[in-house]
Each structure stands twice: as structure tokens, then as C-alpha cells.
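K.L.:
Below is one structure. I have some questions about it.
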Amino acid sequence: MVKIITNFFKRIFSTIFKSKKEVKLGFYGPPNAGKTSLANRICKDFTGEEIGTVSKIPHETRSVQFKEKVEIDYKGKKMTFKLVDTPGIATKIDYEDFLKFKLKKKDAKKRAKEATQGVVESIKWIEDMDMVVVVLDATQNPYNQVNITIIGNLVARKIPVLIAANKVDLAKADVKKIEAAFPEYDVVGISARFGDNLEEFYESIFKLSKKV
């Protein structure tokens, strides 16, 4: 009888502490897919603050940035997250690519160096993630080495994944192509810029959290 009561309280306490756990939610993906825009949207909705700056120039985020104790409240469900916004992952970063955006050579080289370090930092942080949103640009071809490498690394570590197909507000967006590329994962088409379809996104986040 004592054992039954003990086990009962163990289950109760484990449920309580599990619900209070701060889940580390990482945002991964290639440069300029909209990781920071999405993280900003979530932070603004639930904390009134943003997590970082965005730019049309690739690799605006060049170091890991995070926001702790972000409580997402959706349809009566509440969870506390530590949002981790990571630098865009790329297989090659050339300073000359930044010159197209009218950066000076010195600034372009500095940005390329910091972006390269950011890629390394992003990969290191994967180990700490409880779950990950892979943000992909829905106007781009999803069949590329970067996307496959990112998702492959997450699968190898058994980290739950949700794919956010961003930029559905653009005419060239093709969510079905991303769904076809990664059929084993939930794919949610969103616009981080305008907040389109975030209800389905939050629904998917809570669904994914059950795997944590």
C-alpha cells in the first residue's frame, strides 16, 4: 500500500515539474529563411520584446541569441520556452557575396568571418536543444545540402523537428514542395513577417512538445 501511494506521488510530482520545465526551442535553417523574424514574432506576441535584428543582407544573425522564460499561452495551454535563435547554416561563406549589398570590403570580410564562426556555434548548440523549428524559405528549392544536413543532424540526435515553410505571403512560395522533400515531418506554411497561419504553428509546437 505504501509503495502504491509513493508511486502515485512520484507521478504527481513528475507531472508538475515536467509542466514547469523550460523547454529549449531552437530555430535552425539557412541564412535569410526568416528564423529571427519568426523568433521575434513569438517573443513580441508573448513578451512584448524582440530577440534580434533582421536585415536583407545574409547572415545578419552571426551569434546565438536567446530569450528565456517565454510563456506561450495558446487555447488554454501554457508552456514555458527558452527560445534559441541561431545563425544561418551555410556550406560556403564568401565575403564577395556581401559586396553585392554595397558593404565595404573590410566590413564584408569581417561579416564573412563572423558568419563562419556563427555556423560552428549553431552546430554546437544543437546538443542543447529539446526541440527544433527548422525554418525554410518556401520560395526556394528545399532539396539542397544545407537543409538535408541540418535535418540529418537533428534526426541523428533524436531531437523533435517541426518545419516552418516561411514566406507564404510571396507568390513563388510552394509549401507542397517542402512537404514532398521532407514527408516524415510536420510542415506548417507561415509568414513570419505578417503573422499568417501562426495559430496552426502554435498548435504544432504544442503537439511536438509531447515528444520532448
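The values are calculated or read from the model by the stated rules, or taken from the named source; none is laboratory data. For clarity, every value in this text was computed on a predicted model and none was experimentally measured. All Cβ positions, even for glycine, are placed from backbone atoms using ideal geometry, and neighbour counts span all protein chains on display.
K.L.:
Which condition number does K102 fail, the rest of (1) in a helix (DSSP H, G or I); (2) at pLDDT below 95 being met?
P.N.:
Tallying (1) in a helix (DSSP H, G or I); (2) at pLDDT below 95, K102 fails exactly one: (1).
K.L.:
With Q140, Q117 as the choices, which residue is in a loop (DSSP other than H, G, I, E, B) and either surrounded by fewer than 20 Cβ atoms within 10 Å (Cβ to Cβ) or modelled with pLDDT of 95 or more (or both)?
P.N.:
Q140
K.L.:
Right, another one. Can you tell me which of N166, N147 is surrounded by 19 or more Cβ atoms within 10 Å (Cβ to Cβ), polar (S, T, N, Q), over 17 Å from L25 (Cβ atoms) and in contact (Cβ under 8 Å) with a residue 60 or more places away in the chain?
P.N.:
N147
K.L.:
Taking the stated definitions as given, is A138 small (G, A, S), out of contact with any His (no Cβ under 8 Å at 6 or more places or on another chain) and touching a residue at least 24 places away in the same chain (Cβ under 8 Å)?
P.N.:
yes
K.L.:
Just to check your reading of the model, which residue among A108, A90 is surrounded by 17 or more Cβ atoms within 10 Å (Cβ to Cβ), more than 29 Å from T47 (Cα to Cα), under 22 Å from the mean Cα position of the chain (by Cα) and touching a residue at least 12 places away in the same chain (Cβ under 8 Å)?
P.N.:
Only one candidate passes the filter, namely A90.
K.L.:
Which residue, of S204, S209, is among the polar types (S, T, N, Q), at pLDDT below 95, surrounded by 17 or more Cβ atoms within 10 Å (Cβ to Cβ) and over 19 Å from G88 (Cα atoms)?
P.N.:
S209
K.L.:
So, one more: Do we have any residue at all in the range 9-30 that's part of a loop (DSSP other than H, G, I, E, B) and modelled with pLDDT of 90 or more?
P.N.:
yes
K.L.:
Can you find a residue that is under 28 Å from A173 (Cα atoms), of a type in the set (D, E), at pLDDT below 95 and outside any loop (DSSP other than H, G, I, E, B) anywhere in the range 59-81?
P.N.:
no
K.L.:
Still on this structure, please answer the following. Considering only the range 62-86, how many residues are surrounded by 15 or more Cβ atoms within 10 Å (Cβ to Cβ) and touching a Pro at 6+ places or on another chain (Cβ under 8 Å)?
P.N.:
The number of residues fulfilling the criteria is 2.
K.L.:
Moving to a separate point now. With the structure loaded, tell me whether A173 is part of a loop (DSSP other than H, G, I, E, B), small (G, A, S), surrounded by 15 or more Cβ atoms within 10 Å (Cβ to Cβ) and modelled with pLDDT of 95 or more or whether it fails that test.
P.N.:
yes
K.L.:
Hey, any hits in the range 145-157 for a residue that's within 27 Å of F206 (Cβ to Cβ), touching a helix residue (DSSP H, G or I) at 6+ places or on another chain (Cβ under 6 Å) and in a loop (DSSP other than H, G, I, E, B)?
P.N.:
no
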